[in-house]
Amino acid sequence: MEKNSTIYIAGHTGLVGSALVRRLEKEGFSNLILRRHSELDLERQVEVEDFFDKERPEYVFLAAAKVGGIHANNTYPAEFIYRNLVIQNNVIHSAWKAKVKRFIFLGSSCIYPRDCSQPMKEEYLLTGPLEATNEPYAIAKIAGIKMCQSYNRQYGTNYLAVMPTNLYGPNDNFDLDESHVLAALIRKFHLAGLAASGKMEKIEKDEMIFGPLPPELKEAAEKSGETVVTVWGTGTPFREFLHVDDLADACLFLMNLDEKLFVPLIAAVSVPLVNIGVGKDITIKDLAELVRNVVGFEGKLVFDSSKPDGTPRKLLDISRIRTLGWEPGISLSDGILKTYEFYLKKSEERAETLTSRLV
């Protein structure tokens, strides 16, 4: 890509999209095309086609999606499959019609079978049953990968799908009904600390900003007593975590690959797919302890084994992108600290905004 290339980032306000914008701006790319949902509804085919016909972007990062953790996937399966299918169908097809030069489709490691061999290689796609708790979302993402492959085969496009592992970082979703595990843990431990001190005013402001609290934390806050943080599942599953800034770095790396390296990727015998992760994982229990230490929570930590664990282990094989020369650069402990700092800053900024509106 040239510094003045027209680059469209779909979903630029989300966790991944905002990281892509930060990275592209840092590298001096000056012609970014950004549209909020109120300006462009990606679920409306006519709007998307008109947008691509008018703007004619040269490069596209598709980071727009309906995402969430186990609870959200279990609660809204129809939304997860419908909205993701519609968004990616509209954007991929319109990109082809507009003759986009290169296209990167963002997926998720949940595309791989529940009992997949570890670490998971790209060629393991569609070799076994999916994890039931997020199957609708996974099927939608698999369809997106196959769309990229099919358009490459039939139309000679340059579309690449990248599958990141579990993501976290600035602009993560801290709503406990929809968040992924790491963001949820950060908020739970922080609020439990406030609850132990009976700081109801701060807790109430946090609820207005990030969503409602679990009943047990509210009860503890009202009593100003010892607090307990409850984590879904047994704590035994292994998960791999990638800071979203590392993902943005990897996506830019892949988009800028020399033609001699990029073409073989999208012409892969199996699928035009690249895993992006860190190459090592951690149990949910150890993750919880790590987040607890970063936040400074001193209360009890318990695991609710009546809740689903999800896939037993999800570790990506990242040898394909490593062979090309990319490596992650942010450690998990540093990344958690940066994310907690972002959460605190965002909480303070929004609290000030709320206060000014009430005055």
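Readers should treat all values here as calculations from the given coordinates under stated rules, not as data from a laboratory. Keep in mind the model is a prediction, meaning the values are calculated, not measured. So basically every Cβ, Gly included, is an ideal-geometry build from the backbone, and we count neighbours across all protein chains shown.
What does the charge dipole of the chain about its Cα centre add up to, to the nearest 20 debye, if the Cβ of each Lys and Arg holds +1 and the Cβ of each Asp and Glu holds -1?
620 debye
Could you tell me the calculated FRET efficiency between THR236 and SER117, based on Cβ-Cβ distance and R0 = 22 angstrom, to the nearest 0.05?
Efficiency for this residue pair is about 0.70.
Using Cβ counts within 10 Å as a stand-in for footprinting exposure, how do THR234, THR133 rank, fewest first?
THR234, THR133
So how do 277-290, 251-264, 103-116 stack up, highest first, on mean other-Cβ count within 10 Å?
103-116, 277-290, 251-264
Please rank ASP245, ASP41, fewest neighbouring Cβ atoms within 10 Å first, as an exposure proxy.
Lowest count first: ASP41, ASP245.
Under the rule of -39500 (n - 2.57) per DSSP H run of 4 or more residues, summed and divided by the residues of the chain, what mean residue ellipticity at 222 nm is obtained, to the nearest 500 deg cm²/dmol?
My calculation for the chain gives -15000 deg cm²/dmol from helical runs alone.
Just want the ordering: PHE303, PHE174, from fewest to most Cβ atoms lying within 10 Å of their own Cβ.
In order of increasing Cβ crowding within 10 Å: PHE303, PHE174.
Please list, or write none, the lysines whose alpha carbon is within less than 21 Å of the alpha carbon of LYS280, excluding same-chain residues fewer than 8 places away.
Result set, ordered by chain and number: LYS121, LYS314, LYS338.
Largest first and in whole Å, give the semi-axes of the chain's equivalent ellipsoid, each being the square root of 5 times a Cα gyration tensor eigenvalue.
Semi-axes, largest first: 36, 24, 18 Å.
Kirkwood Rh and Cα-based Rg: tell me the resulting Rg over Rh for the range 171-217, rounded to two decimals.
Using only Cα positions, Rg/Rh for the range 171-217 is 0.93.
May I ask for the angle, rounded to the nearest 10°, between helix 15-26 and the longest principal axis of the chain, with both axes built from Cα atoms and the value confined to 0 to 90°?
That helix lies at roughly 60 degrees to the long axis.
On a 0 to 90 degree scale, rounded to 10, what angle separates helix 181-196 from the longest Cα axis of the chain?
So the helix axis and the longest Cα principal axis differ by about 20 degrees.
At q = 0.12 Å⁻¹, what base-10 log of I(q)/I(0) does the Debye formula yield for the range 15-129 when every alpha carbon is treated as an equal point scatterer in vacuo?
-0.55
Full-extension gain between ALA132 and GLU289, please, as 0.36 nm times their residue separation minus the C-alpha to C-alpha distance.
Full extension from ALA132 to GLU289 adds 53.8 nm.
Whole-Å semi-axes of the range 137-258's equivalent ellipsoid, largest first, each the root of 5 times a Cα gyration tensor eigenvalue?
Output for the range 137-258: semi-axes of 41, 15, 13 Å.
Under the definition of Cα pairs under 8 Å and six or more residues apart, what whole-number percent is the relative contact order of the chain?
19 percent
State the three equivalent ellipsoid semi-axes of the range 61-151, derived from the C-alpha gyration tensor as the square roots of 5 times its eigenvalues, in descending order and whole Å.
Semi-axes from the Cα gyration tensor: 23, 17, 9 Å.
Looking at the range 253-303, what % of the alpha carbon pairs are farther apart than 15 Å?
Value for the range 253-303: 66 percent of Cα pairs lie more than 15 Å apart.
Taking the Cα centre of each part, how many Å lie between the range 121-163 and the range 1-76?
So the separation of the two Cα centres works out to 19 Å.
With a cut-off of 8 Å between alpha carbons and a minimum separation of six or more residues, what is the relative contact order of the range 182-336 in percent?
Dividing the mean separation by the residue count of the range 182-336 yields 34 percent.
Expressed as an acute angle from 0 to 90° and rounded to the nearest 10, what is the orientation of the C-alpha long axis of helix 45-55 relative to the principal long axis of the chain?
Long axis of 45-55 versus the principal axis of the chain: about 70 degrees.
Just flag the GluC sites (Glu not before Pro) in the range 26-115 sitting in loop per DSSP whose Cβ has no more than 15 other Cβ atoms within 10 Å.
Those satisfying the criteria are GLU27, GLU39.
Once fully extended, how much extra length lies between GLU298 and LYS346, figured as 0.36 nm per residue of separation less the alpha-carbon to alpha-carbon distance?
Separation in residues times 0.36 nm, less the Cα-Cα distance, equals 14.9 nm.
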